[in-house]
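Worksheet for the structure shown next.
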2 protein chains.
Amino acid sequence: MTERNVTIVVDVLGGDFAPAVVLEGIDAALAGDSALTLLITGPSEVVVPFAAARENVRAVATTEFIDMGEHPANAVRAKKDSSIVVGCRLVKEGEAEGFFSAGSTGACMAAATLVMGRIPGVSRPAIATIIPAAERPCILLDVGANADCKPENLLQFGLMGRAYAQVILGVENPSVGLLNIGEEPTKGSILAQEAHALMAAEVPGFAGNVEGRAISSGTVDVIVTDGFTGNVALKLLEGTAKSLLGQIKTAMTSNTLRSIAASVLRKPLMELKERLNPDVYGGAPLLGVRGVCIIGHGSSNSRAIAAGIAVAARAARGGLTGTIAEAIAGPTEAV
Amino acid sequence: MTERNVTIVVDVLGGDFAPAVVLEGIDAALAGDSALTLLITGPSEVVVPFAAARENVRAVATTEFIDMGEHPANAVRAKKDSSIVVGCRLVKEGEAEGFFSAGSTGACMAAATLVMGRIPGVSRPAIATIIPAAERPCILLDVGANADCKPENLLQFGLMGRAYAQVILGVENPSVGLLNIGEEPTKGSILAQEAHALMAAEVPGFAGNVEGRAISSGTVDVIVTDGFTGNVALKLLEGTAKSLLGQIKTAMTSNTLRSIAASVLRKPLMELKERLNPDVYGGAPLLGVRGVCIIGHGSSNSRAIAAGIAVAARAARGGLTGTIAEAIAGPTEAV
């Protein structure tokens, strides 16, 4: 491996099955990347012995824990020695280039925004996710950080999503679509119409409006929307895939002959399920903060944790933060 | 059949394959309902001979046609002798109880709203659609009539969707969810938070917030949202189901043995596809206008046309307009 050395912080308390699956995920991530160093935040009785037994892991003992149910901003302000806040601080202080947690999305967002700070010019950080669409992977943002958006926010989401596609998907000149309810520029909500005008002027590779079906077909590299619509779309997509695969399984095993036939098809269908599995992309970045911040699903298994850590390392090595800063600096100065 | 006699207008120029498939659909609808009379609007050379050869069909010759690409409100104002405008006028004048068209959604909405008028108290008519969800059919509205909504609009959508569920799905006390990005009442956009408060006070059977996955799982009878989010969700759902079934077919026929196994599974999978096919519900109602107005997909085949006409007949017989008027009158007076 010729990758450069990179240091990432991992919150061992993040996720429904923490710390066990997080620690398994860390081992898997290290096995896949010999130039990776991890700082792990969490209770000393967990992190100290784990780090002592491994070469590329350093323990950073913390004394507090932010639960999924807590008010994010309040918890982040009150619990300065929590695994999440300390993790973000290590990035802020230059001890690491990125932070990964499968803990409370709200707390990670609040900690990253308050502790790392925003990239100059970014008014609202956004959460992006990679959709395993039919034609190609497609980046959708915002998927929940900002329920109410202004046109300028959507413009910045377009620039940040484009930077993420360049760094993570390796697409040189990503196409960017604006999610809307019609393809003509004059269609849709006032927000969408105003955002269309801004994006047409300032987002390189702007492909105009795209409709809901583009999210699963993947006709563009990046799809921009407000955090309300994006979150509804993401959860609907996850729900539909799960429900449909479940119904197919039921239909295919409704008698003995069918079950035998289904067993022949098990492999290709599992491969398809695998391809549609968002775990392979391991976590969603909070774009727009000063440092890499990747947030995993609360239900992440060890493989998803490992993938999330790998995404953080790739984003750091690819210079995600700098790429976003450059993308934002351009159009903002032009305004 | 003990159904009462009902008269519905059908626009024979509506849809991508008009008039041929519309006429086929009309025959299928008549075959399934002996107490149905149809008025058909369109060019005299089409409607007159067709009606002459059938007992329960009357021709209403019109001279104008509104194309899919025209500006809806302008076209409706300019083309007073179009098949759509005349169709709505026949309802307004009491010649028929309902109107069905697979033509331009915008033009049908504009014509129904301008010509039939709104039910007293309704500020914004909404388009509803029935989602063939996993647990049970689920009504989603608005799916595109109103890209920008106020909380009071969402409240009325809840009341109108509930009336539609009672009349069309036969659910006595339908549950109504508000689409949001979290289940707690304080979550989501400002619109969603304010709508939650109104709906909690005034919508019978209000089940609180539901997330995107509820659309495909069907945990409530009615899901309310603004027309932007609803339209994105509907198109995403249609796109995902189509894309996923296509990918499954490809995976299942990737070699000879698999193709043989797949042939055994053809029947149950076709049954599933059938169950998920929105055609069986035939068209989406515009709720809130004075008279039944059902709008079919432009790509409707004859079966979808027949289903749409049947839905219009069922809505008319079930007293949809009166049920909505009563539902709206209640809470509006209480405000």
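Any read-out appearing in this document is the output of simple, stated calculations on the displayed coordinates, not a laboratory observation. Small disclaimer: the values here were computed from a predicted structure and weren't measured. Using ideal geometry, Cβ is built from the backbone for each residue, glycine included, and neighbour counts are taken over all protein chains shown.
Round to a whole angstrom and tell me the spacing of the C-alpha centers of the stretch B:300-330 and the stretch A:179-206. That distance is 35 Å.
With a sphere of radius 12 Å drawn around the Cβ of B:Gly32, what net charge do the other residues whose Cβ falls strictly inside it have (Lys, Arg +1; Asp, Glu -1)? Walk me through the intermediate numbers first.
On the way: positive: B:Arg303, B:Arg314; negative: B:Glu3, B:Asp27, B:Asp33.
For residues surrounding B:Gly32, the net value is -1.
Using alpha-carbon positions, what is the distance between the centroids of the stretch A:89-121 and the stretch B:42-79, in Å? If you average the Cα positions of each part, the centres end up 62 Å apart.
Taking other C-beta atoms within 10 angstrom as a stand-in for reagent exposure, B:Thr229, A:Thr105, B:Thr240, B:Thr37 fall in the order B:Thr37, A:Thr105, B:Thr240, B:Thr229, fewest first. Between copies, the label points at B:Gln247 (set 7 angstrom from Cα along Cα-to-Cβ) are spaced 1.7 nm, reported in nanometres from shortest to longest. Counting neighbouring beta carbons within 10 Å and listing from fewest to most, the residues B:Thr129, B:Thr250 come out as B:Thr250, B:Thr129. Each residue in A:Cys293, B:Cys108 was given a count of other beta-carbon atoms within 10 angstrom of its own, and listing them fewest first yields B:Cys108, A:Cys293.
For B:Ser44 and A:Ala329, a Förster radius of 60 Å and the Cβ-Cβ distance give a FRET efficiency of 0.35, rounded to the nearest 0.05.
In units of 2.2 N^0.38 Å, what is the alpha-carbon radius of gyration of the protein assembly as shown? The value comes to 1.05. For the stretch B:73-182, the set of trypsin sites (Lys or Arg not before Pro) satisfying both a DSSP loop assignment and a count of at most 14 other C-beta atoms within 10 Å is given as B:Lys80.
Provide the FRET efficiency to the nearest 0.05 for the A:Ala73-B:Ala201 pair, computing r from the beta carbons and using R0 = 25 Å. Once the sixth-power term is evaluated, E becomes 0.30.
Each part reduced to its alpha carbon centroid, the stretch B:1-28 and the stretch A:1-36 end up 62 Å apart. Exposed loop sites are taken as GluC sites (Glu not before Pro) in a DSSP loop (any state but H, G, I, E or B) with at most 14 other beta carbon atoms within 10 Å; the longest stretch of chain A without one runs A:184-335. When each pair of different Cα atoms in the stretch A:127-278 is counted once in the 1/r mean, what is the Kirkwood radius in angstroms, to one decimal? For the stretch A:127-278, the Kirkwood estimate is 16.5 Å.
For the rotation carrying A onto B, the chain A residue whose Cβ lies nearest the axis, with the distance in whole Å, reads A:Ala261, 2. Label-to-label distances for B:Glu184 across copies, nearest first, come out at 4.3 nm, using points 7 Å from Cα in the beta-carbon direction. Counting only DSSP beta bridges with both residues in the protein assembly as shown, the antiparallel share comes to about 25 percent. Beyond 17 Å, what share of the Cα-Cα pairs of the stretch B:16-95 remains, rounded to the nearest whole percent? Summing the P(r) of the stretch B:16-95 above 17 Å gives 50 percent of all pairs.
What is the ratio of the Cα radius of gyration of the stretch A:28-180 to 2.2 N^0.38 Å, with N the residue count, to two decimals? Walk me through the numbers on the way to the answer.
Values: Rg = 17.5 Å, N = 153, 2.2 N^0.38 = 14.9 Å.
Here the answer is 1.18, to two decimals.
Cβ under 14 Å from B:Ile223's Cβ, B:Ile223 left aside: what net charge do those residues give with Lys, Arg +1 and Asp, Glu -1? Write down the numbers at each step before the final one.
Details: positive: A:Lys235, B:Arg136, B:Arg162, B:Arg213; negative: B:Glu135, B:Asp142, B:Glu183, B:Glu211, B:Asp221, B:Asp226.
Residues near B:Ile223 contribute -2 overall.
Run lengths n ≥ 4 of DSSP H only: what is the helix-derived mean residue ellipticity at 222 nm for the protein assembly as shown, with -39500 (n - 2.57) per run over all residues, to the nearest 500?
Values: 26 runs with 307 residues, N = 670.
Estimated from H runs of four or more residues: -14000 deg cm²/dmol.
Computed over chain B with a Gaussian network model linking Cα atoms closer than 10 Å, the most mobile of B:Ser82, B:Ser44, B:Ser175 is B:Ser44. Label sites at B:Thr63 and B:Lys187, each approximated as a point 7 angstrom past Cα along Cα to Cβ, lie 5.8 nm apart.
Need one number for chain B: average projected area of the convex hull over its C-alpha atoms, nm². Display every interim value, and only then the final one.
Details: hull surface 73.7 nm².
Mean shadow area of the hull around the Cα atoms is 18.4 nm².
Ratio of Rg to Rh for the stretch B:61-145: 1.02 [Cα atoms; Kirkwood radius as inverse mean 1/r over pairs].
Please compute, over every Cα-Cα pair in the stretch A:197-258, the percentage with a separation greater than 15 angstrom. Counting pairs separated by more than 15 Å, the tail of P(r) holds 65 percent. Using a Gaussian network model of chain A with C-alpha springs under 10 Å, which one of A:Ala110, A:Ala134, A:Ala126 is most mobile by mean-square fluctuation? In the Gaussian network model the winner is A:Ala134.
Counting pairs of alpha carbon atoms under 8 Å apart in space and at least six apart in sequence, what relative contact order in percent does the stretch A:1-155 give? Could you put the intermediate results ahead of the total?
Numbers: 254 pairs, mean separation 32.7, N = 155.
Relative contact order, the stretch A:1-155: 21 percent.
Stretching A:Glu93 away from A:Glu152 to a fully extended chain increases their span by 18.2 nm, per 0.36 nm per residue minus the current alpha-carbon distance. Considering only Cα atoms, the convex hull volume of the stretch A:223-335 works out to 137 Å³ per residue.
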